[in-house]
Structures are given as C-alpha cells and as structure tokens.
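Working notes, beginning with the structure itself.
Bear in mind these aren't lab numbers, they're just calculated from the coordinates by the rules spelled out. Note that this is a predicted model, so its numbers are computed, not measured. No Cβ is skipped: glycine too gets one built from the backbone with ideal geometry, and neighbour counts run over all protein chains shown.
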Amino acid sequence: MPTRHRYRKSDINTSTLVFRLFVFGGRSKMTEVSHQQWGEVSSLGSVDLWVLKSNLLRVEVLTLGAIIRSVFSRGKDGQMKDVVLGYDNLEGYVSDKRYLGAVVGRVANRIAGGCFVVDGKEYQLDINNGPNALHGGLQGFNKAIWLATAVEDGVQLSLTSPDGDQGYPGEVQVSVTYMLQGETLTADYQARSTKTTPINLTNHSYFNLAGQGAADIYDHRVSISAQSYLPVDDTSIPTGEIRAVAGTLFDLIEPVLIGPRLKEVPGSGFDHNFCLSFPGDTYAERHAARVHHPASGRVLEVSTSQPGVQFYTANFLDGSMTGKGGARYGKHSSFCLETQNWPDAVNQASFPDCLLHPGEEYRHVTHFTFTTA
C-alpha cells in the first residue's frame with residue numbers, strides 16, 4: 001500500500017507542494033503534487049482541485065466525484081494540450097448529467113430494470129436510464145465529495161456509501177488512488193462492504209487526443225484487445241450472448257479508423273462491452289486498448305485488471321453542453337474506455353461475478369499511458 005500522509009486543512013495552504021522522486025526508465029524524475037480549494041457545493045461542502053505533475057503529464061483531479069478534470073499531454077510538435085472533456089467551473093460539474101471525468105458507482109454501466117436479487121432478497125434501485133439503473137443511481141458516487149489524502153506520487157480519494165444508498169445493500173468503504181509516474185496515470189480502486197453487494201467501479205473520462213474541444217474523433221485510430229463483445233438489446237442491456245468479434249464491425253483487434261467504422265456500426269455508435277477476460281480466468285492485468293491520433297502523434301494505451309472495457313463514442317452528447325474554453329461537446333466529440341466488470345453482471349449468471357461479500361476486498365487497477373508516435 002502507498003504511504004499515506006494525512007493533513008488537516010489548517011496544516012496546509014493552497015501553495016503546499018508534496019514532492020516525490022522516483023526512477024523511471026533509468027532516469028530520476030519528479031512527481032509534483034499540489035492542491036487548492038476550487039469551490040463550494042451547497043449542502044455538500046468545499047471541493048478541492050489536486051494537481052499531479054510529472055515532466056511528461058499534468059493531471060487535475062477534483063474531490064467532487066473523484067473527477068479527472070484534465071490531462072495535459074504532449075504531441076509530436078512538443079505542444080501540451082488538455083485531452084479530457086470537462087468544465088471551466090464547479091457549477092458545470094454539479095449540473096453535469098454525462099459523468100464527465102467521474103468515478104461512477106456503486107455499479108458502473110446498466111442494471112436491467114434497476115433490480116437484482118442477493119441472498120434471496122430483491123433490491124430495487126433508482127431508475128435513471130430508460131427502464132434501467134445507470135452508473136450508481138440519481139445521486140451516485142459522481143455527485144459525492146470524496147475525502148482526499150496525499151500519497152506517494154498522487155492522491156487517494158475515499159468515500160463511505162451508507163447502507164441503502166441509492167437502494168444498494170451494505171455500508172461500503174471505497175477509495176480510488178490516482179498516481180502519476182512519468183507518462184502513466186494509474187487508478188487503483190478498493191472497496192469493502194458490511195453486506196453482500198454488487199460493485200463495479202470505473203472512471204468515465206471522455207478523451208479527444210486532438211485536444212478537448214476538437215469537433216470529433218473521426219481521425220483517431222483505435223484497437224481493442226478483445227476476441228469477444230456483448231451484443232445489447234434496444235435499452236443497451238447485454239442479451240446474454242458472448243459473440244466473437246471476428247467477421248463483425250466490432251473486430252478492433254487491428255487498428256481501425258474510427259470515422260468510417262462509425263458510419264457502418266448499427267445505431268448511433270459504439271457503446272459496448274469488449275470482453276478482456278472471462279469467468280474463471282485468474283486475476284491479471286491485461287492490455288485493453290490503444291488509441292492513436294496521427295495528426296498530433298498522441299497515443300493513449302490502457303491496461304487493466306478488470307474483465308471488460310466499455311468503448312463509448314459519446315453518442316449522446318448533442319452540442320448542448322458548454323465545456324472548457326466555451327467548447328460545445330457534440331456527438332462523437334470524444335471516446336471513453338471504461339474498464340469494468342461486464343454490464344448487468346448481477347443479473348447474468350454466466351458473466352464474471354460482481355458481488356462483494358463482507359470480509360472480502362474489492363480491488364482493481366487501470367493504467368492510462370500517454371505517449372507519441
């Protein structure tokens with residue numbers, strides 16, 4: 001576990017920096033961690049902005065929703081650009097309905113009918129996505145203020161979800177630790193529960209490697225290391241079939257230019273789980289996806305210990321949202337790579353188990369690595 005350093009607000013000020021030297025690629029580098037108050041949410045309290053800075057990346061994190069607000073990454077021209085969609089002010093995040101940059105939970109993605117049975121008892125969740133429950137409910141983890149603690153190379157954000165929160169059983173202690181080392185941002189998730197409960201945590205950042213505010217992602221190339229995907233019904237719930245990608249439009253094993261492929265994919269775009277591992281597989285981190293923007297040279301590679309990744313092409317952004325710098329975020333203006341358990345796993349016995357039992361620890365890790373090519 002990382003070494004933790006707890007501070008009271010009275011112990012620090014907005015210019016406090018925590019420095020950590022580490023060795024990466026045989027060279028000494030420095031991760032610089034700082035934070036400051038960013039605003040106040042009525043009835044919830046103050047929100048802080050944490051900044052993690054290496055010589056290759058700058059990452060901004062909010063205590064509201066454990067949101068990744070910005071990632072500044074260098075292109076082949078040497079210019080740093082913010083590649084994560086977001087808002088200029090706290091009000092944007094408070095009113096946001098698209099989970100920009102947030103950690104979502106208790107259960108990411110959709111639960112059919114917002115209903116499940118655990119230990120013979122039926123639980124009904126809030127319905128917030130057609131007939132289904134999505135991303136934890138009406139007031140999920142994305143709308144909570146998390147407790148922040150400085151750790152080696154980053155920040156740990158912690159939250160207590162009470163028994164019955166949004167209809168879920170058990171009190172859950174949850175944390176996500178963001179650590180920046182050189183060109184890699186790591187998200188390390190942990191949770192414990194007092195009762196058996198489904199849990200599936202992920203980060204919902206929207207990326208555009210041309211820079212947030214660019215019109216679309218049609219000139220990006222994507223590859224996903226999955227031999228299978230999950231077809232869905234008309235409410236985006238998996239049908240239960242695990243379908244091979246071979247010979248389909250979902251075959252992204254080799255790099256594919258996103259724009260032409262989106263013209264062929266049924267519906268409004270990709271919003272599907274790609275299967276990285278299967279029930280019974282051992283716990284292991286796997287390469288999940290690579291996205292390359294040839295014009296800027298920026299590359300994002302994602303690896304994870306989760307069994308799936310939801311590839312989403314911002315199909316439901318419609319230009320009504322005003323983002324950073326006055327940008328209007330429209331359809332296909334970004335992509336998400338949500339590392340996760342398979343959607344609706346609590347209701348589908350053939351999917352990987354998503355139940356956390358008392359005395360057990362839920363833990364998984366995802367790495368986001370930003371390079372140029």
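For Thr313, what charge total do you get from the other residues with a beta carbon under 14 Å from its beta carbon, if Lys and Arg give +1 and Asp and Glu give -1?
Details: positive: Arg98, Arg221, Arg261, Lys263, Lys331; negative: Asp216, Asp219, Glu264, Asp271, Asp318, Glu338.
In short, -1.
How much net charge surrounds Leu49 when only other residues with a Cβ under 10 Å from its Cβ are counted (Lys, Arg +1; Asp, Glu -1)?
For residues surrounding Leu49, the net value is -1.
Might you report the magnitude of the Cβ-based charge dipole of the chain about its Cα centre, with Lys and Arg at +1 and Asp and Glu at -1, to the nearest 20 debye? Don't skip to the answer; put the middle values down first.
Numbers: 32 positive and 38 negative charges, 206 e Å.
I would put it at about 980 debye.
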inquiry  = Can you compute the modelled spin-label distance between Glu171 and Gln227, with each label point 7 Å from Cα toward Cβ, in nm?
reply    = 4.5
For the chain, fraction of C-alpha pairs farther apart than 32 Å, in % = 28
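Excluding Pro238 itself, what net charge comes from residues whose Cβ is under 11 Å from its Cβ, given Lys and Arg +1 and Asp and Glu -1? Could the numbers behind the result be given before it?
Values: positive: Arg110, Arg243; negative: Asp233, Glu241, Asp344.
Taking every Cβ under 11 Å from that of Pro238, the sum is -1.
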query = Structure shown: which of Lys53/Lys143; Lys263/Lys331; Lys76/Lys263; Lys97/Lys324 lie over 23 Å apart, alpha-carbon to alpha-carbon?
reply = Lys53/Lys143; Lys76/Lys263
ask   = Short version: ³J(HN,Hα) in whole Hz for each residue of region 50-61, in order, from phi by Karplus 6.51 cos²θ - 1.76 cosθ + 1.60 (θ = phi - 60°), x for Gly and Pro, what are they?
value = 9, 10, 10, 9, 10, 7, 10, 9, 10, 10, 10, 10
note = For the chain, whose charge dipole is built from +1 on Lys and Arg Cβ atoms and -1 on Asp and Glu Cβ atoms, the candidate among Val51, His204, Asn132 with its Cα farthest towards the positive end is Val51
task = Identify, among Gly308, Ser175, Leu62, the residue whose Cα sits farthest towards the positive end of the charge dipole of the chain, taking +1 on the Cβ of Lys and Arg and -1 on the Cβ of Asp and Glu, with the dipole about the Cα centre.
result = Leu62
ask   = Quick one: in region 16-203, what % of C-alpha pairs are over 29 Å apart?
value = 27
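How would you rank Ile145, Ile258, Ile67, going from fewest to most other Cβ atoms within 10 Å of each one's own Cβ? Each step should come with its number before you reach the end.
On the way: Ile145 18, Ile258 24, Ile67 28.
Ascending number of Cβ neighbours within 10 Å: Ile145, Ile258, Ile67.
Quick one: putting +1 on the C-beta of Lys and Arg, -1 on the C-beta of Asp and Glu, what dipole do you get for region 16-203 around its Cα centre, in Debye to the nearest 20?
On the way: 17 positive and 19 negative charges, 105 e Å.
It comes to approximately 500 debye.
What shape does region 191-272 have by the C-alpha gyration tensor, where a ≥ b ≥ c are the square roots of the eigenvalues, rounded means a/c under 1.5, and otherwise prolate means a/b greater than b/c and oblate the rest? Before the final figure, lay out the partial values.
On the way: a/c = 2.10, a/b = 1.34, b/c = 1.56.
Because a/c hits 1.5 or more and a/b fails to exceed b/c, region 191-272 counts as oblate.
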